[in-house]
Amino acid sequence: MMNTQNLHELRVSYPLLRVVYKFFEIERKTRYYGTDVPLFPSEIHMINKIKQNEGIHVTGLANILNVTKGAVSQIIMKLEKKGLIQKEKDSNNQSRLVLKLTAKGETAYHNHEKFHKKIEVMVNEIVKDASKEEVKFFKDVLITLEERLELFKKEVEQ
């Protein structure tokens, strides 16, 4: 077991922060995802949620994304203008519209999935020679770090 001094000398947090910033830089870039229109991160993530929750409506999306209905409506309008989604009457509730991907929206969704698959392949390539226990330890560290960062975020926002 390592003592605090040895951990301090290794400065694990610095490379971790560089990795986080690099992921953020990659993730936040506007891309076309195989379509003829640029998609902002908020737009492609909304496309993902619509695909994963077929037939969802604006209120449902707002709840899932933990944002306002107004924020969802603004992005929905942009996605509709770009030809990525369409609104249809809900067969169960005629006063409500449900959201569906168009063929172009499906293309964007599948290319975004490929994008994330490339990252998964890269990570798997890096840890391929590690033991199952080492990979589990690494994953546990990441999960614990995520949980603690969520608590830290709440703490600093007060």
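Filter the cross-link list Lys22/Lys104; Lys69/Lys104; Lys51/Lys104; Lys51/Lys87; Lys78/Lys104 down to pairs whose alpha-carbon distance in this structure exceeds 18 Å. It would help to have the intermediate numbers written out before the result.
On the way: Lys22/Lys104 29 Å; Lys69/Lys104 24 Å; Lys51/Lys104 12 Å; Lys51/Lys87 13 Å; Lys78/Lys104 14 Å.
From Lys22/Lys104; Lys69/Lys104; Lys51/Lys104; Lys51/Lys87; Lys78/Lys104, over 18 Å: Lys22/Lys104; Lys69/Lys104.
For Thr102, the residues whose amide H sits under 5 Å from its own are Ile85, Gln86, ignoring neighbours fewer than 5 places away on the same chain, with H placed 1.01 Å from N. Taking the fewest neighbouring Cβ atoms within 10 Å as the starting point, the ordered list for Thr144, Thr107 is Thr144, Thr107. About its Cα centre, the chain has a charge dipole of approximately 600 debye under the convention of +1 per Lys or Arg Cβ and -1 per Asp or Glu Cβ, with nothing else charged. Structural descriptor for the chain: relative contact order 19 percent, calculated from alpha carbon pairs under 8 angstrom and at least 6 residues apart. Our helix-only sum for the chain, with -39,500 (n - 2.57) per DSSP H run of n ≥ 4 divided by its residues, gives a mean residue ellipticity at 222 nm of -22000 deg cm²/dmol.
Counting neighbouring beta carbons within 10 Å and listing from fewest to most, the residues Lys114, Lys78 come out as Lys114, Lys78.
Annotation: the residues Arg31, Arg11, sorted from fewest to most other C-beta atoms within 10 Å of their own C-beta, follow the order Arg11, Arg31.
The chain: Rg/Rh from Cα coordinates, Kirkwood Rh? Each step should come with its number before you reach the end.
Details: Rg = 20.1 Å, Rh = 18.7 Å.
Rounded to two decimals, Rg/Rh equals 1.08.
Taking a point 7 Å out from the Cα of Ile126 in the direction of its Cβ, the residues of segment 1-27 whose backbone N falls within less than 19 Å of it are 10-27.
The numbers here are math on the coordinates, done by the rules we state, and not lab data. All figures in this text were calculated on a predicted structure; none of them were measured in a lab. Don't worry about glycine lacking a Cβ; one is built from the backbone with ideal geometry, like all the others, and counts go over all protein chains shown.
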